[in-house]
Amino acid sequence: MKKFSILIAGGGSTFTPGIVMMLLDNLDRFPIDSLKLYDNDEERQAKLGRALDIVLKEKAPEIKFSYTIDPKEAFKNVDFVFAHIRSGKYRMRELDEKIPLQHHVVGQETCGPGGIAYGMRSIGDIIELIDYMEAYSPNAWMLNYSNPASIVAEACRQLRPDSRILNICDMPVGTLRRMSQIVGLTPNDLEVKYFGLNHFGWWTSVKDHDGHEYLPEIRDYVAEHGYLTKVEVDTQHMDASWQATHKKAKDLLAVDPRFLPNTYLKYYLYPDYVVEESDPNYTRANEVMDGREKNVFSAAKRIVDAGTSSVGEFNIDSHASFIVDLARAIAYNTHERMLLIVENNGAIANFDDDAMVEVPCIVGNDGPEPLSQGNIPLFQRGMMYEQVTVEKLAVQAWIEHDYQKLWQALSLSKTVPSAQVAKELLDDLIEANKEFWPELK
Ligand code: NAD
């Protein structure tokens, strides 16, 4: 059985230990020859690298492990690049969230003005990773979790249309886990139909392998409880703010009770509620810095100080299972069905061919083959068209260094009340992102 060589780009990510632990747990299904970490922040990555070195020596000494900030060393001779970088790190995420809130607009990592600002930082960095991969391992695949996935995917479509990058998101998988819990099954028992953009979609069918449709049953539950489940199903989306988001799904469902909504739709359908609920001085970025980031880096320090990982400081991250399943689907040509962000090309019949949409795909060693989702209703199509245009304008603004287009993108976003607010916001975001964005003309 071939053993694979994996590079994790964004080696200093809080999600790196969880992905490594998931890989170690799956060695029988997905054997590994070498595992490398790559980051552009040497110190941050080394804190996790030193700890993971100890974990790997103890649990899988046969795997060659290393970490580096040198792109050539990192990207040469790899089969897969798992990418999860955060351009500008949490310091900039905090500003993405807090600057819009100062204007009484949704402040969120991937949605609204914060997502656009983050997109303008991410595009260049992701293109750089693709170019490294193509230079040093031209046959490799990049499985990319780096956000904001919609804008990143559109930038890849325009700037590197032939590259072997798959942009993915764990949110639909996390919500499916909740749905399976609601009906007393496991996610693997269920097959879905879904249409939308990333962080912007609807399930139209949730069936078991015998063809039984669970959507009505799940819908009745969500109408009362949202996606809040009685027992913990997810290790990632568990903080208080996430629990409120799962609950809010019942109000999203009320807008169109035919389909089950993606939880991120709350930022577009209830932006006033979101602003009201937000603390402009303590946002999700602060929650993560005080929670996951502290926990992961202090666990790494404990391992390094003790010289052993015997007390199990790092946990398998359920977030990581999707990326491992996807790598397997490509490596072993499994033709599994997965939700991916792909160019529409008719998958949603009455939507633009060149839109990057999120739909179920069959995945094999040639990559994804999108499954037809038919026509979608007017309400969803209207919302999606507005949002996909925001994403396209943002990418064009980055490519052409065009102030006007970025102002238009912000003005068009359903989260922003007027072109005036959009302009004031844009000027503040330009000031905050000087180090990262191209200079806009
Ligand atoms: P993090 O800040 O903990 O880690 C990101 C790492 O990327 C940092 O160590 C940073 O130094 C590194 N980095 C930044 N720019 C880089 C570059 N140009 N080259 C190499 N390394 C670079 O962030 P995190 O919270 O672990 O999240 C990582 C990414 O994963 C984010 O983009 C986040 O939004 C995304 N994410 C996606 C999903 C999903 O399902 N799509 C889920 C969770 C997280």
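The values are calculated or read from the model by the stated rules, or taken from the named source; none is laboratory data. On a predicted model such as this, the values are computed, not experimentally measured, just so you know. Cβ placement follows ideal geometry from the backbone for every residue including glycine, while neighbour counts extend to all protein chains displayed. Calculation scope for accessible area: heavy atoms of the full protein, side chains included, ligands and nucleic acids excluded. Shrake-Rupley method; radii C 1.70, N 1.55, O 1.52, S 1.80 Å.
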Open item on the list: Just to be sure I understand the model, the point goes 7 Å from the Cα along the line to the Cβ. What's the resulting Asp70 to Ala254 distance in nm?
Closed with: 6.0
TODO: Give the long-range amide H neighbours of Ile341: residues separated by 5 or more places, or on another chain, with amide H under 5 Å away, using H modelled in the peptide plane at 1.01 Å from N.
DONE: Asn167
Task: Where segment 302-441 is the region considered: accessible area per residue in Å², 1.4 Å probe - done: 44
- [ ] Read phi for every residue in segment 58-70 and hand back ³J(HN,Hα) as whole Hz from Karplus 6.51 cos²θ - 1.76 cosθ + 1.60, θ = phi - 60°, with x for Gly and Pro.
- [x] 7, 9, 8, x, 6, 7, 7, 10, 7, 9, 7, 10, 8
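If DNA, RNA and ligands are ignored and the probe is 1.4 Å, what is the ranking of Leu252, Leu393 by accessible area, most exposed first? Write down the numbers at each step before the final one.
Numbers: Leu252 5, Leu393 25 Å².
These residues rank, largest area first, as Leu393, Leu252.
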- [ ] Enumerate the amide H contacts of Tyr214 below 5 Å, restricted to partners 5 or more residues apart or on another chain; note that Pro and chain-start residues carry no placed amide H.
- [x] Val206, Lys207, Asp208
Task: J(HN,Hα) series, segment 138-145, from Karplus relation 6.51 cos²θ - 1.76 cosθ + 1.60, nearest Hz, glycine and proline x - done: x, 9, 6, 10, 9, 9, 10, 9
TODO: Net charge near Pro438: determine it from the other residues with C-beta under 15 Å of the C-beta of Pro438, scoring Lys and Arg +1 and Asp and Glu -1.
DONE: -3
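Take the alpha carbon atoms of the chain, find their radius of gyration, then divide it by 2.2 N^0.38 Å using N residues; give the quotient.
Values: Rg = 20.9 Å, N = 441, 2.2 N^0.38 = 22.2 Å.
Computed over Cα atoms of the chain, the ratio equals 0.94.
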TODO: Pull up the cross-link candidates among the aspartates and glutamates for Lys57, meaning alpha carbon to alpha carbon under 16 Å and not fewer than 8 places away within one chain.
DONE: Asp25, Asp33, Asp305, Glu313
TODO: Would you mind checking the pairs Lys247/Lys414; Lys230/Lys294; Lys47/Lys98; Lys89/Lys294; Lys392/Lys414; Lys2/Lys72 and listing those with alpha carbons more than 18 angstrom apart?
DONE: Lys247/Lys414; Lys230/Lys294; Lys47/Lys98; Lys2/Lys72
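Of Ser372, Ser163, Ser66, which has the most accessible area with a 1.4 Å probe, and how do the rest follow in descending order? Don't skip to the end; give the middle numbers.
On the way: Ser372 90, Ser163 20, Ser66 45 Å².
These residues rank, largest area first, as Ser372, Ser66, Ser163.
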- [ ] Pull up all non-local amide H partners of Tyr194: gap of 5 or more, or a different chain, and H-to-H distance under 5 Å with H placed in the peptide plane.
- [x] Thr204
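Roughly how many percent of the accessible protein surface of segment 95-224 is carbon and sulfur, given a 1.4 Å probe and a whole-percent answer? Mind dumping the intermediate values first?
On the way: 1810 of 4210 Å².
Summing carbon and sulfur atoms, their accessible area is 43 percent of the total for segment 95-224.
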